[in-house]
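See below for the structure under consideration.
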There are 2 protein chains.
Amino acid sequence: MNDISRAGSPDTLPVDPYVARQVIRRGETDGRSAGMAPGFLQGNLVVLPETHALDFFRFCQRNPVPCPLVGVSDTGSTALPSLGRDIDIRTDIGSYNIFRDGELTGRVRDVCEVWRDDLVSFVLGCSYSFEEALAREQVPVRHIELGCVVPMYYSNLMTVPAGPFGGPIVVSMRPMSVPDAIRATEITARFPNAHGKPVHLGDPALIGIRDIDRPDEGDRVPIGGDEIPVFWACGVTPQLALRSARLPFAITHTSGSMLVTDLPAG
Amino acid sequence: MNDISRAGSPDTLPVDPYVARQVIRRGETDGRSAGMAPGFLQGNLVVLPETHALDFFRFCQRNPVPCPLVGVSDTGSTALPSLGRDIDIRTDIGSYNIFRDGELTGRVRDVCEVWRDDLVSFVLGCSYSFEEALAREQVPVRHIELGCVVPMYYSNLMTVPAGPFGGPIVVSMRPMSVPDAIRATEITARFPNAHGKPVHLGDPALIGIRDIDRPDEGDRVPIGGDEIPVFWACGVTPQLALRSARLPFAITHTSGSMLVTDLPAG
């Protein structure tokens, strides 16, 4: 399992989460984590100064469906022992966004140079786990078939605010036949750390989506005549809340480059 | 449901959680919450100065089985809108313990006089919910039959520490036949906000308990010849961690006097 030498090329993605992190740390991949260490939970990253950590903690606790918190570091620590062996959060993600006063000011390969002793890292589960489970149970997922990014919408469902954090629940959409939508509901309900069961299905207007063909983020995907749109809470929700809060300083992962953890996905 | 007038005497305990809190607030009961508002989640209370709130939050996040966090207040706020209508955390619990420098310095009916603007309230689910469910499914619970306090033990299973908070996982014990132990495992697994499934069953020595007849807290209960002891993580775990941390100031509920919430138990 720990044979690092064979990892790195697309057809031999590492299956061990520790190896995956080492490969990412050494820059031996394009940084994207999809397909690495199948069966292990991958997570989104939010890093904040301690002065805002308590409010962000409350925001996640009050909104566990869009913000499934799986680990929180000690202040200033770069390790996350509850999530994996020898994690260095400054280097073990493929690429990072740096925000200053709410504005994206840089996209970097690691955050060693901007690291500070007052930072707290939050890791939130992402939807990769449940998409793996859907694939395993032969529920087709359209954007994966099409090789594009899942369409995302700012719904009129609102988060419960905490301090400067709030705003809409962002939802991702996967078109499915009704029988598949029912099976997908049952399957994803078993993955509370990956947003769990859908927050809505059917008529997009009921959650404030006016034009399903114009997602707010990601790519448009077609919906077949015998299909309905199925909506899950999305990890972009805390990213949007973070940007709206306009903190002096924050770090996140970049889209598609997650932290690979040693935790089982389900 | 909101007929307050009939509440208060032991044979007419309020079934509505809002009414239960009003009755407790007005001092019209002995303050004990057992049997009130069946089917609704009851919670343990820990109140801390904001300077220690982030570490206690991390402690709960890292130890969700003994410390199932169900709500956290804004700093200084006496409300918990996510847990119930019109909660005033200073008055809506039957009685409170006040700790100074880790020592119990008082037991009071309300905490209005010691309230401070820097306090944060944490509410953690308690085992009442799963005991209700066991009773509903005819799994006998010995200490309830005997009318005594569940026996509790300091195990050698350790919490994951956070800041000054740490120490052993305290477990409660219920003796059961093996078939009942299996059913109880299945039933309690559905109540993650009430400590979930057992952490151990069978030989007490395997979790460091030397004499099952000498609990560290609560009352001794007999174990029948065809029974095994079944152990669940216990809400005394965070209480013990709190006392060990020797904070300058903290407030908790007193044993048996919980916060009755508007949340469903399961």
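The values are calculated or read from the model by the stated rules, or taken from the named source; none is laboratory data. Treat the numbers as computed from the prediction; the structure is a model and nothing was measured. Cβ atoms come from the backbone with ideal geometry, glycine included; neighbour counts cover every protein chain shown. The accessibility values were calculated without ligands, DNA or RNA, using every heavy atom of the protein model including side chains. Shrake-Rupley method; radii C 1.70, N 1.55, O 1.52, S 1.80 Å.
Screening B:V150 against (1) open to solvent by 60 Å² or more (accessible area, probe 1.4 Å); (2) modelled with pLDDT under 95 leaves a single unmet condition, (1). Only residues that are farther than 16 Å from B:Y128 by Cα and of a type in the set (D, E): list them for the range B:212-266, please. Scanning the range B:212-266 gives B:D213, B:D216, B:E217, B:D219, B:D226, B:E227. Across the range B:46-69, a minimum of one residue is classified as among the basic types (K, R), within 14 Å of chain A (Cβ to nearest Cβ) and within 24 Å of B:V170 (Cβ to Cβ). Given the structure, is B:D74 closer than 25 Å to B:V170 by Cβ, within 13 Å of chain A (Cβ to nearest Cβ) and open to solvent by 10 Å² or more (accessible area, probe 1.4 Å)? Against the criterion (closer than 25 Å to B:V170 by Cβ, within 13 Å of chain A (Cβ to nearest Cβ) and open to solvent by 10 Å² or more (accessible area, probe 1.4 Å)), B:D74 does not qualify.
Residues in the range A:109-124 that are among the hydrophobic types (A, V, I, L, M, F, W, C) and open to solvent by less than 50 Å² (accessible area, probe 1.4 Å): A:V111, A:V114, A:W115, A:L119, A:V120, A:F122, A:V123, A:L124. When the range B:97-108 is filtered for residues that are among the hydrophobic types (A, V, I, L, M, F, W, C) and open to solvent by 90 Å² or more (accessible area, probe 1.4 Å), only B:L104 remains.
Among the residues making up the range B:28-75, a single one is basic (K, R) and within 15 Å of the chain's Cα centre (by Cα): B:R32. Looking at B:R26, B:R21, just one residue is more than 13 Å from chain A (Cβ to nearest Cβ), basic (K, R), more than 17 Å from B:N193 (Cα to Cα) and crowded, with 23+ Cβ neighbours inside 10 Å, and that residue is B:R21. For the range A:231-246, name all the residues that are open to solvent by 10 Å² or more (accessible area, probe 1.4 Å) and among the β-branched types (V, I, T). Correct list: A:V236 only. Considering only the range A:1-104, give the strands (runs of 3 or more DSSP E) lying wholly within it that have at least 1 residues that are at pLDDT 95 or above and of a type in the set (D, E, K, R). Strands (runs of 3 or more DSSP E) meeting the threshold: A:96-100.
Flag: B:T188 matches the condition of being among the β-branched types (V, I, T), touching a Lys or Arg at 6+ places or on another chain (Cβ under 6 Å) and open to solvent by less than 60 Å² (accessible area, probe 1.4 Å).
The single residue among A:L201, A:L157, A:L259, A:L263 that is within 30 Å of A:T51 (Cα to Cα) and in contact with a Phe, Trp or Tyr (Cβ under 8 Å, 6 or more places away or on another chain) turns out to be A:L263.
Could you say which residue among A:P229, A:P215, A:P248, A:P222 is farther than 23 Å from A:V149 by Cβ and in contact with a strand residue (DSSP E or B) (Cβ under 9 Å, 6 or more places away or on another chain)? Criteria check complete, one pass: A:P248.
Report, by residue number, each residue of the range A:247-262 that is surrounded by fewer than 21 Cβ atoms within 10 Å (Cβ to Cβ) and at pLDDT 95 or above. The answer is A:L247, A:P248, A:F249, A:D262.
The single condition among (1) open to solvent by less than 10 Å² (accessible area, probe 1.4 Å); (2) of a type in the set (G, A, S); (3) over 18 Å from the mean Cα position of the chain (by Cα) that B:G84 does not meet is (3). What pairs can you find where one residue is in the range B:121-136 and over 12 Å from B:P264 (Cα atoms), the other is in a strand (DSSP E or B) and open to solvent by 30 Å² or more (accessible area, probe 1.4 Å), and their Cβ atoms are less than 9 Å apart, with a gap of 6+ or different chains? Qualifying pairs under 9 Å: B:F122/B:L69; B:V123/B:L69; B:L124/B:L69. Filtering A:D203, A:D213, A:D219 for residues that are surrounded by fewer than 17 Cβ atoms within 10 Å (Cβ to Cβ) and in contact with a His (Cβ under 9 Å, 6 or more places away or on another chain) leaves a single hit, A:D219. Kindly indicate whether A:A37 is in contact with a strand residue (DSSP E or B) (Cβ under 8 Å, 6 or more places away or on another chain), on the phi > 0 side of the Ramachandran plot and either open to solvent by less than 10 Å² (accessible area, probe 1.4 Å) or within 13 Å of chain B (Cβ to nearest Cβ) (or both). For A:A37, the condition - in contact with a strand residue (DSSP E or B) (Cβ under 8 Å, 6 or more places away or on another chain), on the phi > 0 side of the Ramachandran plot and either open to solvent by less than 10 Å² (accessible area, probe 1.4 Å) or within 13 Å of chain B (Cβ to nearest Cβ) (or both) - is met.
Name the single residue, out of those in the range A:176-203 being among the basic types (K, R) and more than 16 Å from A:N63 (Cβ to Cβ), that is modelled with the lowest pLDDT. Ranking the qualifying residues of the range A:176-203, first place goes to A:R190. Scanning the range B:161-182 for residues that are out of contact with any Asp or Glu (no Cβ under 7 Å at 6 or more places or on another chain), over 29 Å from A:D74 (Cα atoms) and buried (at least 16 other Cβ atoms within 10 Å of the Cβ) turns up B:S172, B:M173, B:R174, B:D180, B:A181.
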